[in-house]
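**Q** Take this structure, written in structure tokens, and hold onto it; I'll ask about it next.
The values are calculated or read from the model by the stated rules, or taken from the named source; none is laboratory data. What you are looking at is a predicted structure, and each value in this text was computed from that prediction instead of being measured. When we count neighbours, we look across all protein chains shown, and the Cβ atoms used for this are built from the backbone with ideal geometry, even at glycine.
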Amino acid sequence: MPTQRIPAAPLIGGVSRQPPTNRSYTQFETADNIVQFINRGMERRYGGEYIHAPEHADSTTDGTLEWLPADSLATDPYIHWIDRDADNRFCLILDGSQGTAANRVQIFREDGTKVSVVLSNSADAYLASGSGSAVDKLRAITVGDATFIWNKEVETALKGTAAGYANLTTATSLPVPATGTVGHYIHLTSADVGYPVGVWEIIATDDIGPWYERVTTDLDDSEIDETTMPVRLSYDPAGDGGAGEFTLDYETWNTRKSGDSVTNPGPSFIGSAIDWITVFQDRMWFGSRNKIVTSQAGDLFNLWVDDWQTSTDSDPIDLTLPGDGAHTVEFMIPVDDTLLVIANGARQYEVKAPNSFTPGETNILATTSNPVSPDAQPVVMGSQVYFTSNRGRFTSLYEYFYNFDRDANLAVDLSKHCDGYLPASVSRLAVSETDNIVFSAASDDSSIYLNFSHWEVSQKVQNAFSRWVLDSDAVVESFRVYDNYLYILYSKDNNYWLERIPITPPAADTDAEGSVPYHLHMDRKVSVTGSYSSSTKTTSWTLPFKDENMDLVVLGGGWESRAGTILEPTVDNSGSTTVLSVIGDWSDYPAFCGKSYETSVQLSPLYVKDQNGQVVDGVLSVLRMITHFDDTPFFEVDVQPKGRAAKTKRYISNRLGSSYTGQFTQADYGQVPISIKGKGRDTKITFKSSSPLPMLITNLDFICNFAPLKQNSAKG
């Protein structure tokens with residue numbers, strides 16, 4: 001029986017739900033808590049850091065410190081992240097109906113510090129209108145220094161009665177310089193040079209202009225009712241004594257200055273609620289039912305035509321979705337020089353213009369027909385748009401892009417090869433553009449799902465899924481990528497928690513005294529100085545929160561040669577905070593406290609394939625698996641042939657000292673043979689690690705015996 005070598009490299013194929021015979025050697029049955037960068041391999045995901053601000057923390061009745069007070073927890077909140085610059089990043093939590101007005105709009109910096117919010121003109125009443133929860137009815141978009149928030153349950157309206165200007169005369173031209181009396185008004189009935197039709201007030205009569213100022217028409221309904229329109233959230237860095245302050249207020253919308261309700265009726269969405277807004281090509285775009293309406297070019301808050309007698313390129317654009325009118329706008333996403341419109345009823349459109357976006361040149365064209373979930377806001381990465389489709393028991397993730405080979409737009413189901421892996425009702429998406437990762441999560445799930453992709457010119461060479469498993473009793477509320485970190489806001493134990501997890505390979509963890517020799521792969525990391533008790537001969541670390549899952553202590557940078565040593569503490573959760581204790585005096589320098597998480601990757605069953613990728617019939621016996629690794633001092637492999645109990649094989653690098661206070665050395669590169677002795681098709685092989693130590697498996701080599709199935713030559 002000939003010996004055969006089957007290589008699996010690089011280990012970046014992700015989870016597959018296809019029949020095992022159709023999978024590649026680098027795809028997995030399961031893949032929990034890993035990253036899969038094409039230039040590295042299968043790597044244990046990096047440890048999460050606890051973010052908190054003790055000076056702003058509040059206490060519950062039992063004294064537990066919280067990042068956000070329990071009495072202000074929103075019911076189904078809408079969460080939006082604001083990225084002004086590297087020093088001003090915020091998490092906005094909107095609760096449209098619950099609690100007091102002070103708790104309807106809460107904003108926190110990325111370090112967890114709460115920021116003051118001033119609610120002007122009772123604008124919070126707009127957020128509280130309607131019967132739905134915040135996540136169902138509220139939406140937000142940030143443009144420059146302003147964040148616009150709108151309520152999908154509030155119908156827009158006009159307001160204003162006839163102005164009744166005194167001393168109003170009619171004219172077909174305006175004399176320059178002005179004649180007459182300052183404060184008098186002239187109704188210009190035909191356009192003059194530099195002066196569109198409308199009502200003009202005389203503001204000066206000397207030789208130096210300006211002499212006239214156009215005012216609102218003297219007719220009813222010449223104003224946009226600001227109480228029915230999106231409100232504006234503005235930030236003042238100097239506010240609140242220099243700590244920074246947000247103000248929520250109604251926006252000021254331009255009034256009608258030309259025409260009447262017939263010749264210049266205003267935006268066609270009036271009388272309907274706004275479903276989506278965005279800013280594109282120096283215009284604000286509004287989606288309402290089957291209407292798409294813009295502001296004037298260069299004037300985001302002017303929704304009227306400038307001169308009802310003369311159309312101009314800067315006038316608002318007013319479009320209707322093609323079709324029977326049953327399609328309504330769900331999302332509008334600017335991509336390159338196109339506005340992608342995603343409508344219900346499984347329709348996608350693109351708003352385009354051959355030269356510039358003007359009323360005469362702008363067109364809307366139907367493109368693809370894919371069902372899109374309204375729960376998860378689509379995200380953009382480069383020239384691709386990612387959206388989800390609810391399939392009942394599971395969710396599909398689509399990638400929408402322009403295909404140059406076909407000269408057409410395509411929407412490809414990235415998750416087709418792992419149907420059922422993404423949970424039902426995925427409602428949150430985020431991207432890391434620098435790392436080509438799409439993050440997704442469901443509203444009732446504690447895991448975050450990742451899609452890794454890699455393009456080489458126009459060919460996609462990686463499309464891999466895995467997941468990060470967090471606390472089983474936590475719910476991921478929202479997340480956002482900042483500077484190669486995934487910031488995660490989740491609810492747990494009636495509190496909001498904010499953590500961040502590195503996305504790309506991080507440097508070693510550091511504290512005030514120095515650094516440990518490696519990055520610590522444990523969650524909710526916090527640096528704490530212990531307190532030694534001479535009576536009990538133990539050191540105790542009191543954490544700034546309570547979490548029964550905290551189970552690790554690692555000596556920090558101040559311990560020099562001992563830095564990075566892993567201690568196994570006892571855990572006390574009887575009080576208001578968690579206390580970790582270890583025998584001995586470890587109080588001289590800070591230590592990192594955290595909780596373990598398990599990385600678990602089950603390989604796909606192994607088959608022999610020919611050069612065309614077809615399975616060759618026969619019996620494949622796997623003798624051993626040569627595991628190639630980099631910077632990896634520890635990992636475990638469970639091997640379970642069919643019908644037998646699993647056996648755990650453990651790799652551990654040279655270790656100094658006892659198992660209690662042992663340090664580990666890291667090999668730059670190495671390999672280790674793992675005995676398998678099982679059939680390729682029914683032996684379960686699972687890589688595992690719950691250690692704070694790194695684990696990077698670059699590739700595998702399976703050494704096998706293969707006996708091809710013999711055919712009866714008499715049967716042809």
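**Q** Out of all the residues in region 496-512, is one or more closer than 29 Å to Cys91 by Cβ, touching a strand residue (DSSP E or B) at 6+ places or on another chain (Cβ under 9 Å), of a type in the set (S, T, N, Q) and outside any strand (DSSP E or B)?
**A** Yes, the conditions are met somewhere in region 496-512.
**Q** Oh, and also: Being of a type in the set (Asp, Glu) and part of a strand (DSSP E or B) is the filter; apply it to region 1-56 and report the residue that is modelled with the lowest pLDDT. Give the steps one after another, and end with the answer.
**A** The first filter runs over region 1-56 and keeps only residues of a type in the set (Asp, Glu), leaving 29, 32, 43, 49, 55.
Filter again for part of a strand (DSSP E or B), leaving 29, 32, 43, 49.
Numbers: Glu29: 97, Asp32: 98, Glu43: 98, Glu49: 93.
Restricting to residues being of a type in the set (Asp, Glu) and part of a strand (DSSP E or B), the top hit is Glu49.
**Q** Restricted to region 380-397, and to residues that are β-branched (Val, Ile, Thr) and surrounded by 19 or more Cβ atoms within 10 Å (Cβ to Cβ), which residue is farthest from Asn290 (Cα to Cα)? Don't jump to the end; show me each part of the working.
**A** Residues of region 380-397 β-branched (Val, Ile, Thr): 380, 385, 388, 395.
Within this subset, residues satisfying the condition of being surrounded by 19 or more Cβ atoms within 10 Å (Cβ to Cβ) are 385, 388, 395.
Details: Val385: 21, Thr388: 21, Thr395: 26 Å.
That would be Thr395.
**Q** Which one of these does Gln377 not meet: (1) farther than 23 Å from Tyr78 by Cα; (2) part of a loop (DSSP other than H, G, I, E, B); (3) in contact (Cβ under 8 Å) with a residue 12 or more places away in the chain?
**A** Among (1) farther than 23 Å from Tyr78 by Cα; (2) part of a loop (DSSP other than H, G, I, E, B); (3) in contact (Cβ under 8 Å) with a residue 12 or more places away in the chain, Gln377 violates only (1).
**Q** State which residue is farthest from the chain's Cα centre (by Cα) when the search covers only region 331-374 and only residues that are under 21 Å from Ile274 (Cβ atoms) and not in a strand (DSSP E or B).
**A** By that ranking, first place goes to Pro359.
**Q** Determine whether region 620-641 contains at least one residue that is within 27 Å of Pro10 (Cβ to Cβ) and touching a helix residue (DSSP H, G or I) at 6+ places or on another chain (Cβ under 8 Å). Working first, answer last.
**A** So in region 620-641, the residues within 27 Å of Pro10 (Cβ to Cβ) come out as 620-641.
Next, from what is left, pick out any that are touching a helix residue (DSSP H, G or I) at 6+ places or on another chain (Cβ under 8 Å): none.
Checked region 620-641: no residue is within 27 Å of Pro10 (Cβ to Cβ) and touching a helix residue (DSSP H, G or I) at 6+ places or on another chain (Cβ under 8 Å).
**Q** Can you tell me how many residues in region 351-391 are under 14 Å from Ile317 (Cβ atoms) and among the charged types (D, E, K, R)?
**A** Residues that pass the stated criteria total 2.
**Q** For region 608-643, name all the residues that are free of Cβ contacts under 8 Å to residues at least 12 places away in the same chain and in a loop (DSSP other than H, G, I, E, B). Before you say what the answer is, go through the steps one by one.
**A** Here is the first cut: in region 608-643, the ones free of Cβ contacts under 8 Å to residues at least 12 places away in the same chain are 609-614, 643.
Listed by number, the residues that qualify are Asp610, Gln611, Asn612, Gly613, Gln614, Gly643.
**Q** Checking Phe301 against (1) in a loop (DSSP other than H, G, I, E, B); (2) under 27 Å from Leu92 (Cβ atoms); (3) without any contact (Cβ under 8 Å) to a residue 40 or more places away in the chain, only one condition comes out false. Which one?
**A** Of (1) in a loop (DSSP other than H, G, I, E, B); (2) under 27 Å from Leu92 (Cβ atoms); (3) without any contact (Cβ under 8 Å) to a residue 40 or more places away in the chain, only one is false for Phe301: (3).
**Q** I'd like the full set of residues that are among the aromatic types (Phe, Trp, Tyr) and over 50 Å from the mean Cα position of the chain (by Cα), limited to region 191-211. Break it down into steps so the answer makes sense when it comes.
**A** The first filter runs over region 191-211 and keeps only residues among the aromatic types (Phe, Trp, Tyr), leaving 195, 200, 211.
If the condition is that a residue be among the aromatic types (Phe, Trp, Tyr) and over 50 Å from the mean Cα position of the chain (by Cα), then Trp211 is the only one that fits.
**Q** Failed condition for Lys114, given (1) loosely packed, with under 13 Cβ neighbours inside 10 Å; (2) in contact with a His (Cβ under 7 Å, 6 or more places away or on another chain), with all others met?
**A** (1)
**Q** Test Ser531 against the criterion of being touching a helix residue (DSSP H, G or I) at 6+ places or on another chain (Cβ under 8 Å), modelled with pLDDT of 90 or more and among the small types (Gly, Ala, Ser), and give yes or no.
**A** Numbers: touching a helix residue (DSSP H, G or I) at 6+ places or on another chain (Cβ under 8 Å): no; modelled with pLDDT of 90 or more: yes; among the small types (Gly, Ala, Ser): yes.
So Ser531 does not fit the description; no.
**Q** So is Asn573 in contact with an Asp or Glu (Cβ under 7 Å, 6 or more places away or on another chain) and either buried (at least 19 other Cβ atoms within 10 Å of the Cβ) or at pLDDT below 95 (or both) or not? Before you say what the answer is, go through the steps one by one.
**A** Details: in contact with an Asp or Glu (Cβ under 7 Å, 6 or more places away or on another chain): yes; either buried (at least 19 other Cβ atoms within 10 Å of the Cβ) or at pLDDT below 95 (or both): yes.
Yes: the conditions hold for Asn573.
**Q** Could you run through region 130-150 and say how many residues are surrounded by fewer than 17 Cβ atoms within 10 Å (Cβ to Cβ), outside any helix (DSSP H, G or I) and modelled with pLDDT of 90 or more?
**A** Result for region 130-150: 1.
**Q** Free of Cβ contacts under 8 Å to residues at least 60 places away in the same chain and touching a Cys at 6+ places or on another chain (Cβ under 8 Å) - does that describe any residue in region 525-543? Break it down into steps so the answer makes sense when it comes.
**A** Filtering region 525-543 down to residues free of Cβ contacts under 8 Å to residues at least 60 places away in the same chain leaves 531-543.
In the following step, the residues that additionally are touching a Cys at 6+ places or on another chain (Cβ under 8 Å) were identified as 541, 543.
Within region 525-543 (the criterion being free of Cβ contacts under 8 Å to residues at least 60 places away in the same chain and touching a Cys at 6+ places or on another chain (Cβ under 8 Å)), the answer is yes, since at least one residue qualifies.
**Q** Check off (1) buried (at least 19 other Cβ atoms within 10 Å of the Cβ); (2) modelled with pLDDT of 95 or more; (3) more than 33 Å from the chain's Cα centre (by Cα) for Asn254 and give me the number that stays unchecked.
**A** (1)
**Q** Further question: Return the residues of region 3-55 that are under 25 Å from Arg524 (Cα atoms) and free of Cβ contacts under 8 Å to residues at least 60 places away in the same chain; say none if nothing qualifies.
**A** Scanning region 3-55 gives a single hit, Glu55.
**Q** Please work out which one of (1) part of a strand (DSSP E or B); (2) modelled with pLDDT of 90 or more is the condition Leu410 fails and give its number.
**A** So Leu410 meets the others, but not (2).
**Q** Quick one: how many residues across region 184-225 are in a strand (DSSP E or B) and either more than 21 Å from Ser311 (Cα to Cα) or not aromatic (Phe, Trp, Tyr) (or both)?
**A** 15
**Q** Let me ask you something else. Exactly one condition in (1) assigned to a loop (DSSP other than H, G, I, E, B); (2) under 25 Å from Glu499 (Cα atoms); (3) not charged (D, E, K, R) is not met by Gly392; state its number.
**A** Every condition holds for Gly392 apart from (2).
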